[in-house]
Every structure is written in C-alpha cells, then in structure tokens.
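Only the coordinates and a few stated rules stand behind these numbers; no lab work does. Computed from a predicted structure; not experimentally measured. Here the Cβ is made from the backbone with ideal geometry for all residues, glycine too, and neighbour counts use every protein chain on show.
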Amino acid sequence: MLRVLTPPAGYHLAGSVAPLSMGRHDPCARFVAGTFWWTARTPDGPAALSLTRVGPDLHATAHGPGAAHALDHADAVAGLRDDLTGFAELADTHPLVARLAKTHRGVRLPATGQVFARLLRAICEQKVTGKEAYGAYSAIVRKFGTPAPGPVPELWVPPDPADLAAAPYWVFHPLGVEQRRADTLRRAAAVAARLERCADAAEATARLTALPGIGPWTAAEVVRVVYGDPDAVSVGDYHLPNIVAWALAGEPRADDARMLDLLAPFAGHRGRVCVLLAAAGLGAPRRGPRMPVRSFSGY
C-alpha cells in the first residue's frame with residue numbers, strides 16, 4: 001500500500017521524525033537504507049510504516065493488518081500536520097530563535113496518536129542516563145513486543161499494554177528497570193485504553209499526571225510527540241533548563257522557573273523552541289561529573 005505525500009518546501013524528514021527514535025538501533029523506529037520505519041499497534045492490528053523521500057514527494061508505504069490505519073496517519077507521523085501559525089512572529093523577538101527557525105524550517109513536529117508506546121519509553125527514561133534508558137526500553141520491547149510485519153528484520157511492534165500490566169514488577173529487574181519505574185509502568189499499562197482515548201494534549205496531560213510516578217516531565221515528553229503539542233516543555237529535565245538559559249540568555253545554569261521565564265515570550269510554541277535548540281545541538285558548558293551508568297539487574 002502506497003500513499004504519496006507532498007511536504008512543504010525545505011521539509012527535513014530526518015529532523016522531523018528524530019523524536020520518534022532512540023537512535024540507529026531503536027527496535028520500533030529507525031532509518032534503514034535511507035527509509036524511516038516506524039511501528040504501531042493500531043485498532044486493526046500491528047503495522048509497520050515506511051517514509052521515503054522521492055524527489056519533492058514523501059512516499060509512505062505500510063505493512064500488516066493495520067496498514068490502512070497507519071497510512072491514514074502517515075502525514076501526522078511525518079509532521080506534516082504541524083501548525084506553525086504565529087511562530088514566525090514569536091521567533092523574530094529573539095535573534096537566536098529567529099535564526100534557528102530559518103535554519104531548521106524543515107523540522108516539523110510529529111503527532112503519532114500512540115500514547116502508551118511513547119509513555120513506555122518516557123517511563124524508561126525517568127531519572128537515568130540515556131544508555132540505561134535505551135537498554136531498558138529495548139529489552140522490554142523485545143521481551144513483550146512482537147516482530148513487525150514487513151521486510152525489515154529486527155523491527156518490533158510495541159508491547160500490548162495488557163501484557164505489561166499483568167507482569168509482576170520483578171520481571172522488569174533483569175531488563176534494567178527497578179521497582180519504582182516498573183510499578184509506574186504497570187499502573188500506566190493498566191489504564192492504557194483510557195489514555196489512548198484522550199482527545200487532546202491537555203486531557204492527556206491531566207490523566208497522565210494523575211497517575212503516581214508520572215509528573216510534568218513524563219507528560220510533556222509524551223504529548224509533544226503523540227499530539228504534536230508545540231507548547232509542551234519538559235519541566236524537570238536534567239539538562240534542559242541549562243540549555244535554554246545558555247542559549248537564550250547566556251547564563252550557564254538555571255532552574256525550571258528561570259527556564260519557563262525565558263520561554264514565556266514564546267507561549268504556544270515553547271516546546272518548539274526547545275526542539276530547535278536540540279536540532280542545533282546547543283548545550284550549556286559542562287560542570288561536574290556525568291551521571292554514572294548503573295545496573296538494576298542484581299537488585
């Protein structure tokens with residue numbers, strides 16, 4: 001099945017879908033030979049969606065029982081439903097943001113519509129290093145997920161939430177997840193169906209943060225990708241306040257309050273500004289040791 005999409009001038013596929021993948025070996029979303037592959041559990045069954053640039057167009061193909069559903073949402077997954085209304089005027093109020101908005105004008109925010117799949121990854125990322133988060137996420141997907149339909153080997157469909165909800169917390173220890181995150185994941189999995197029915201980012205944020213173990217950071221990481229929310233700011237992030245303060249005010253260190261104060265002029269698109277800073281690879285000067293990588297499998 002093929003759907004041909006026409007992106008706006010300057011559209012950047014890799015930059016737009018970057019939030020959907022944890023890197024080159026992500027079990028559920030990654031580039032293979034220049035084509036981006038992304039998997040999902042749809043109401044019709046599992047699906048694998050591919051996105052490939054062909055001249056000015058974007059070719060979307062899909063495999064599996066949920067192929068038609070995936071193709072219907074292919075433009076959203078690619079970020080082509082992203083609404084930039086009003087952002088240019090806000091960006092022009094700060095010289096760096098204005099420059100980044102032009103340099104990275106092809107980066108659009110995806111909207112997958114898949115709440116639990118992104119929540120699984122966000123919970124794995126809570127208060128650990130990126131290496132620990134990837135290891136736990138990848139291990140959970142491979143243990144509880146299923147091989148994806150289509151021609152790509154070692155591509156997996158995210159787990160059925162019911163399987164995670166039914167698993168005892170100690171099953172997650174050898175996978176690199178301690179009891180706190182395991183319990184959070186199991187609680188979220190138990191109400192996954194209700195979370196998937198949320199109409200918008202605001203409702204999803206309210207429902208997510210009502211769950212023990214899920215705070216503003218996790219909710220923002222989810223709704224920015226699931227609903228393409230351009231205003232979602234990951235409050236509580238280990239690095240983001242410093243990045244924002246350094247980029248926007250030349251201040252090497254900041255807390256969440258200062259970050260939100262600096263982002264206030266971009267209300268409605270605060271999350272987009274953070275995405276642009278990430279796309280540009282901007283970071284604050286480092287001070288102190290890196291967070292150590294730990295293993296929970298022996299606890």
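Positive-end ranking of VAL171, LEU195, VAL233 along the dipole of region 152-246, with charges on Cβ about the Cα centre, is headed by VAL171. Fully extending the segment from THR146 to HIS25, taken as 0.36 nm per residue of separation minus the present Cα-Cα distance, adds 41.9 nm. Hydrodynamic estimate: the Kirkwood radius of the chain over Cα pairs, inserted into Stokes-Einstein at 37 °C and 0.692 mPa s, corresponds to D of 166 µm²/s.
Of SER16, SER138, the sequence from fewest to most neighbouring Cβ atoms within 10 angstrom is SER138, SER16. Projected onto the charge dipole of the chain (+1 at Lys/Arg Cβ, -1 at Asp/Glu Cβ, origin at the Cα centre), which of THR42, HIS59, LEU100 gives the Cα projection farthest towards the positive end? Of the options given, the answer is LEU100.
You can think of it this way: the chain between LEU2 and ALA199 has 68.1 nm of extra reach, that is 0.36 nm per residue less the Cα-Cα gap. Overall, region 2-82 carries a charge dipole of about 180 debye about its Cα centre when +1 sits on the Cβ of Lys and Arg and -1 on the Cβ of Asp and Glu, all other atoms neutral.
Each of GLU221, GLU203, GLU89, GLU154 has some number of other Cβ atoms within 10 Å of its Cβ, and from fewest to most they run GLU89, GLU154, GLU203, GLU221. In this label model, ARG53 and LEU96 are separated by 2.7 nm, measuring between points 7 Å along each Cα→Cβ vector.
The protection proxy used here, the mean number of other Cβ atoms lying within 10 Å of each residue, ranks peptides 208-217, 105-114 as follows, highest first: 105-114, 208-217.
Charging the Cβ of each Asp and Glu at -1 and of each Lys and Arg at +1, and nothing else, the dipole of the chain about its Cα centre rounds to 760 debye. Each label point was placed 7 Å from the Cα along the Cα-to-Cβ direction; for LEU84 and VAL32 their separation is 3.1 nm.
Residue ranges 181-190, 254-263 sort as 181-190, 254-263 when ordered by packing (mean number of other C-beta atoms within 10 Å per residue, highest first). How much net charge surrounds LEU248 when only the other residues with a Cβ under 13 Å from the Cβ of LEU248 are counted, with Lys and Arg +1 and Asp and Glu -1? Combined, the nearby Lys, Arg, Asp and Glu give +1.
Simple rule: put +1 on each Lys or Arg Cβ and -1 on each Asp or Glu Cβ in the chain, find the dipole, and look at CYS28, VAL128, LEU248; the Cα lying farthest toward the positive end is VAL128.
Given axes a ≥ b ≥ c from the Cα gyration tensor, I'd like to know whether region 2-82 is rounded (a/c under 1.5), prolate (a/b larger than b/c) or oblate.
oblate
Put simply, the Cα atoms of region 59-128 extend 47, 37, 17 Å along their principal axes, the longest span coming first. With the simple spin-label model, which puts each label point 7 Å out from Cα in the Cβ direction, the ASP44 to THR209 separation comes to 3.7 nm.
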